[in-house]
Structures are given as C-alpha cells and as structure tokens.
Amino acid sequence: MGSSIAVHAVYAGKEERRIARTPVIAADDVHRSGNSTTWLVGSDSLSGQRRFSVVYLAPHKGDAPLPPGVDAWPAPGQAVLSPALRKAGAAEDIDHRYGRLAGTIKAEGLDEPTEWLAYVRPRGGLAAKEPSDLITGFGPSAGSSIAPGLEPGSGRDDDKPEWMFQAAILGMLCLPSLALLLVAARTGAHARDRRTALVTALGGRRRDRALVAIGEAALPVLLGALLGAAAVATALRYDVHVPCTGYIVSSGFLRQYCWWLGVAPVVALLAVLAAVVLADLAQRQAATDARPRSAARIAWISRLAALCPLMILLAVRGPGLAEPGSDSVGRILISWAGIAGTVLTLPAAVATVVAAAGRVLTRWGQRRALPGTLVAGRRITAHPGATARLVTGITVALIVLMQAVAWQGLFGSQSAEAQRTLDRIGRSAVSVGTNGRVPPSDMSAFLNRLPETEALLLVPPADPGNAGSPMSLYGSCEALATVGLGCPKTEQRISGVPQDPRLQEFIRWTPHGALLLDVRRTDTVELAHRAASAAEESLLAVLSRDGRDLSIPYLKRLAYAVFPRGAHVGAPGEDQVTAGIPNRDQGRWSTLLGVIGICVLTVTAGLSAMAEFLRQGRALAPLTVLTGGLRLFRSSSAWSVLAPIALAGLAGSVVAVGLAAPVTADGKSYITPELLWSTTGIVLLVSVLMWLWATIVAVRQARAWRPRGD
C-alpha cells in the first residue's frame, strides 16, 4: 500500500512541477510593450545516456521572467545546469560545454531530483522570431495561454503511464507479499491450534478464538508495523535513493501525501491481523473435512509433467513452424500459448523429478542405514502435490520476470541497427549539425579548429525516389583520400558501395535511391560556405585521420564555443541509440521489482516447506532415541526444504531464459548473465537459509521432547 501511494505521489508531484514551469506565450500587446523572454527548447545527450533538454533563453524587453528554480539571469555565454546533470556529466566537463557555469537549478524548477536540464543564454542572444517564442511567465498563474509544447524536459515522452507502474507494483510486490502473509499466518500454528481447540471444547466462541489468534500474532505484527512506520518516516524526511535504478524519490513529493502514508502501516497492521484470524478459521473448517484424498490427483501431476517439454518446445519453436506468410500476431499467440502451458506444467515437472529422486533416496537410505534420507525420500515420493504447490510461485515468478525484461528490451529495439553501426565504426566518424543557421565564417572557424581530422559534406539526392538522382560528396584532397577516393581534378561519378566503412555508414543513414555518388574536390573555405548554406538534410561528416574514436564532448564544447547555439554531434544513427535508452533505464525497475518478488516468493515457499517439515519433525522426534543423534533432522530437512526450492530455482531460471530467448529483434538476448545469476543466487541463498532455520527449530523441538537427563 505504501509503495502504491509513493508511486502516485511521485507522478502527481512531477506533473505539478511540469505544469508550474510550462511557459505562457506572449500576446501581441506584450510583444510590443516588453516584459517577455525569448525562449527556444533544444536537446543534447551525454555519451551512452538519455537525451535531456537544453533551453536557450534571453531577456527580450523589460522585466523578463525567469523559469522556476533560476534566481538570476545568467550573463551572455553562461549556463545554469541541474545538479544531477552536473554530476552525470562531470567526466565530459559539462560545466563548460555551453559556456561558463552561472549556477545550478533549484529543486522547485525540476520535475524530480534526478532530472537533467540546462538553461543557456547564448552569447549573441535570441531573435524574437521563429523558431523561438516570446513568453511572459510560467504556469497557469501567469496566464491561460500555456504552451505544453514549449515545456522543458522530456519526462512526459519518456515516462511510462502511472497505471503501468502501479500494475508492476501490484503484480511483483503486492501479490507475492499477500502469498507470504497467508503462508506466514499458518507457519508454526500447531500450538495455537491446540489452544484454540481447548477454547472451543470449553465453550469458546469464534470471537474468543479470534482473540487468541490476535494475541499470539500481536507482538510480531506490531514490530513489523513499527518498522514500516520508521521506513515511512525516513522517506518523508530524506530523499530515498532506490538501488539498481539510480532514481531518487523526492521527500517533498511524499510529504504532500503524508497522511495517506502515515495510515499505511496502520492499515497493514489491521490487514495482517485479519489475515491471521481468517487463516485460523479456514484451517478449522478444513480440518473438519474428512474426505480422503483421491489418488487421481497424483496421476494428474505425472501427466502434466509429461506435457512440460512439449509446452517448452511450442513456446520456443512453435512460432517458427508457422507459415512464412502468417502475421506476427499469430506467432505471438503461439508463443504465449506455449509460455502459459509451461507455467502450468513446470511445477508438476519439478515435483515429478523430486518424487523420482525420492525413490532413489529411499533405496539409498535403506542400503546405507540413513534414517533422515530414508524418511525424506519416502515423504517426497508420497506427496508430489505438496512439492508442486511449493515451487509454483518460484517458477512462475522467474518466467514472468524474464518475459518482462525481454519485452522491455524489445520495446527499445529501434536502436539495434544503430548500435551495430557503432560496433562497426565506433566514433571515428561523426556528423555535425548546427542548431539553426550559421554564417560561413563561423563554420570556417569550426573546421579550422578541428584537430587531426578531415571534413566531408554529403548532400542527399534532390529526388531520392528518382533512380538517376545522385548524391554529392564534397571534400579536400586529404579528406577524400582518407576515405579512399583519391583526389579527382573534376567531378567524378561513382556507382556502387564505396570501400571505406565510415563512408558506407554515412550513406546508409542518408535517404537515397539507387547509389550514385558525385565526388567533388573543394577547399576548406568553399566547404564551409556550402556546409553553412546547405539544406538541413545535408550531412557534415568529421573523420579522424588515424581511425581512432573522436572526443564527442570536445567537439560539442567546441561547437558551443563557435556557433551561437552549438551543434548536434554524434555517430551515424546514434540518435536511435539515445532514443532507446529510456526503455533500458525503465527496464531496471522491472528487474528490481521482479527480483524482490522472487525473493518474497522464495521465502514464502521456504516457510511453507519448513512448516510442513516441522509438522513431521514432531513425529520424527522419537527417532532421535533410536538413532542416537540429531543428524537425521539435517539430512531430512535438506531433502524436504533445500532440494525442492533449489531445483525450482535452477530449473525455473534455465527454462525462463529459454522462453525469453526468442524475444529479440537483432538475434541478441536481452537477458544478461548478471540477471540470471542474481535470480538463481537469490533462490539458492534463501533455500539454504530456510534449510538451516528448519534444522535448528526441528532440533530444538526434538531436544524438548527427549526425556530429562538423556
């Protein structure tokens, strides 16, 4: 409950901040009288990171308004950056990319503490004409004509809707926690059942039994509520850094919902106590049902287990067996049908394997005279249904998590082709696109200050749909020689793909029809003039002479030092890579929530197995007299608690990765080895801890049973 309230508080707080800084467009009378700010929204990115807004602004006339979070106007050629952007871009000297640093943006001007944002006042100012706008204030309080299209930041475009995040919280945290609550409510309840049975025999009513259950659960439940209240109080006072995601939850957002968050531990306390009472009543009703268990249930488990390999094969290979002309929806439905079948049959397969191992253990225990192994083998052989119920939550959680991570990666697959371009040529060649028109003198100054590089201008065909319309390539002799084209004295037409891989990538990312390339030799002055006056589709390519990667941060800093509003610098197709980064970052939330859910479900399974083992442990206590020791509890609990959970973790992880492997757009799996090892390791670690706990409690019970003085 507290997590859902916190998610809503963050979304509501971010939306409130965004509305408060949305510009209000100036009316015609304000345009004439002044009191307005010239405003233009651009963007930039750090190497391998998501894009962020760079807002160019300058006072137009009069008392020009400043955006929220900025107290004073930066001087021409200065910039104001958000604290998170300064920290993230320290390695790229972001403080000096846009000019001199004039200060940082305060929290009230950011939609969240981790937002990257920059306000830049160009050295030459901004003209009060397109594409810039005149604004008179920010937020609804400054006027009714707010312009959401001029709002800084890309959060609205990059963030997933709130309902999707709430659904992830519900499915990966709330439902596993509910399962843990129901299991924990009955764990170790044997003594309480005996007391409530005595109360019933003495004439006690349901209310009396409920009071007994509440009294026994009150202390641990109250302790848990106090821990939850302490966590809520900490989050209300301090910003919380969420591990694995790099996100910071603002305490200011949460304080606006402090009453709701304060009630959450109380509601949780009441819900847990209610679950304890209901579980106690449900157990008593189940105990009155004396119907024998049907042997057909065990037969069904073996039948489901036999279907498991077929379901896995259907999920992995089934879509490929469809007709080549069939639509993608049909292939997806076939895959999902196989996944659903695997979810239903995998627990039965694990239970069948454990039951088969139980028969082996039974024979081994008989031959070696190992009472613990013998008892555990007979039990897991006789109760495969209990094993199936035990491992269901773990296997389902692993499959769901891997599918969520794989599909999240698929949503960002638009960057796959661009990433392959980066893998082939790196950043040894980049394109430079100025932000707005620049004079030829500025372009010439930029080209002359490029160290150890050559520049080429690639002009797309006038009519890309016309097979006879050629592309044009301009460059000096040295630049043309860098890409293996020699130094033609006159215009030279080339058909076919050039040999240089860098030129190949630039051409591939430039719209064209049949590949015809007119190569024209030119000098730096003419190249600068053509680059400054060329159409927006033209591409100015900068290549390193020795084939090494260029320094993108240096080129961007140089561009902002020479051009009025800097330039966009990046490798061919790198914009596509940047566009897919929000999906990558959001996928970390799926991983974090999924791993927590798996941990909770594994603890749930461990508690269930431990409770069942302890119930049998009381019956095994007399064996300690016959065997002369307590080792049988360690071996028996290892096979009853540790083995099923560990096998579920190993088999579930392998099957889940196999089911997620086909979900790819470029032949590369989105499931990383780190994710696989972390999920498997968590399950194994929890299973070991539960085994040790079950052993300790069982030994303690056995010692309490043994006669005094023994």
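The values are calculated or read from the model by the stated rules, or taken from the named source; none is laboratory data. The model shown is predicted, which means the values in this text are computed figures rather than measured ones. Here Cβ is always computed from backbone atoms with ideal geometry, including for glycine, and neighbour counts include all displayed protein chains. Remember, those area values only see protein heavy atoms, side chains included, never the ligands or the DNA or RNA. Shrake-Rupley method; radii C 1.70, N 1.55, O 1.52, S 1.80 Å.
Pairing each residue of the range 211-225 that is part of a helix (DSSP H, G or I) with any residue that is modelled with pLDDT of 85 or more and open to solvent by 50 Å² or more (accessible area, probe 1.4 Å), provided the two are 6+ apart or on different chains, yields no C-beta distance under 6 Å. Of all residues in the range 380-399, those that are in contact (Cβ under 8 Å) with a residue 24 or more places away in the chain have Cβ atoms under 7 Å from Cβ atoms of residues that are open to solvent by 20 Å² or more (accessible area, probe 1.4 Å) and among the charged types (D, E, K, R), 6 or more apart or on another chain, in T381/R359; G385/R297; A386/E612.
All conditions in (1) open to solvent by 40 Å² or more (accessible area, probe 1.4 Å); (2) touching a residue at least 24 places away in the same chain (Cβ under 8 Å) hold for A90, with the sole exception of (2).
Scanning the range 332-342 for residues that are open to solvent by 40 Å² or more (accessible area, probe 1.4 Å) and either more than 27 Å from V657 (Cβ to Cβ) or at pLDDT 85 or above (or both) yields A337, A340. Within the range 433-448, being on the phi < 0 side of the Ramachandran plot and either over 41 Å from the mean Cα position of the chain (by Cα) or open to solvent by less than 40 Å² (accessible area, probe 1.4 Å) (or both) holds for G433, V438, P439, P440, S441, D442, M443, S444, A445, F446, L447, N448. Scanning the range 354-385 for residues that are under 19 Å from F613 (Cβ atoms), open to solvent by 30 Å² or more (accessible area, probe 1.4 Å) and in a helix (DSSP H, G or I) yields a total of 8.
Results for (1) touching a Leu at 6+ places or on another chain (Cβ under 8 Å); (2) of a type in the set (V, I, T), shown as yes or no for each residue.
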| position | (1), (2) |
| --- | --- |
| I332 | no, yes |
| T342 | yes, yes |
| L346 | no, no |
| A369 | no, no |
| V375 | yes, yes |
| A386 | no, no |
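Kindly indicate which of S47, S82 is in contact with a strand residue (DSSP E or B) (Cβ under 8 Å, 6 or more places away or on another chain) and not aromatic (F, W, Y).
Details: S47 fails: in contact with a strand residue (DSSP E or B) (Cβ under 8 Å, 6 or more places away or on another chain).
None of the other options fit; the residue is S82.
Can you confirm whether the range 494-515 contains a residue that is over 44 Å from the mean Cα position of the chain (by Cα), farther than 20 Å from I552 by Cβ and small (G, A, S)? Yes; the residues of the range 494-515 include at least one that is over 44 Å from the mean Cα position of the chain (by Cα), farther than 20 Å from I552 by Cβ and small (G, A, S).
Which pairs have Cβ atoms under 8 Å, sit 6 or more apart or on different chains, and link a residue in the range 632-646 that is within 12 Å of S608 (Cα to Cα) to one that is at pLDDT below 80 and charged (D, E, K, R)? That search, which allows pairs on different chains as well, returns S640/R379; S640/E612. Can you work out which of the residues in the range 480-508 that are open to solvent by 90 Å² or more (accessible area, probe 1.4 Å) and more than 17 Å from P470 (Cβ to Cβ) is modelled with the lowest pLDDT? Result: K489.
Quick grid of which residues meet (1) in a helix (DSSP H, G or I); (2) in contact (Cβ under 8 Å) with a residue 24 or more places away in the chain; (3) at positive phi:
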position	(1), (2), (3)
S431	no, yes, no
P451	no, no, no
L457	no, yes, no
S469	no, yes, no
K489	no, yes, no
E505	yes, yes, no
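Tell me, please, whether a residue that is within 30 Å of R700 (Cα to Cα) and of a type outside the set (A, V, I, L, M) can be found in the range 590-602. Taking every residue of the range 590-602 in turn, at least one turns out to be within 30 Å of R700 (Cα to Cα) and of a type outside the set (A, V, I, L, M).
Are there helices (runs of 4 or more DSSP H) fully within the range 247-331 with at least 1 residues that are at pLDDT below 80 and open to solvent by 60 Å² or more (accessible area, probe 1.4 Å)? List them.
Numbers: elements: 251-255, 258-287, 296-321.
In the range 247-331, 258-287, 296-321 are the helices (runs of 4 or more DSSP H) which contain 1 or more residues that are at pLDDT below 80 and open to solvent by 60 Å² or more (accessible area, probe 1.4 Å).
Does I394 satisfy the criteria of being open to solvent by less than 40 Å² (accessible area, probe 1.4 Å) and closer than 26 Å to S678 by Cα? Taking the combined requirement at face value, the residue satisfies it. Please count how many residues of the range 42-77 are open to solvent by 60 Å² or more (accessible area, probe 1.4 Å) and either of a type in the set (A, V, I, L, M) or farther than 22 Å from R17 by Cα (or both). Selection size over the range 42-77: 7.
Residues A210, A191: which one is over 19 Å from V603 (Cα atoms) and modelled with pLDDT under 70? Just a single option satisfies the conditions, and that option is A191.
Which of the residues that make up the range 56-105 are hydrophobic (A, V, I, L, M, F, W, C) and within 19 Å of G124 (Cα to Cα)?
L57, A58, A64, L66, A72, W73, A75, A79, V80, L101, A102
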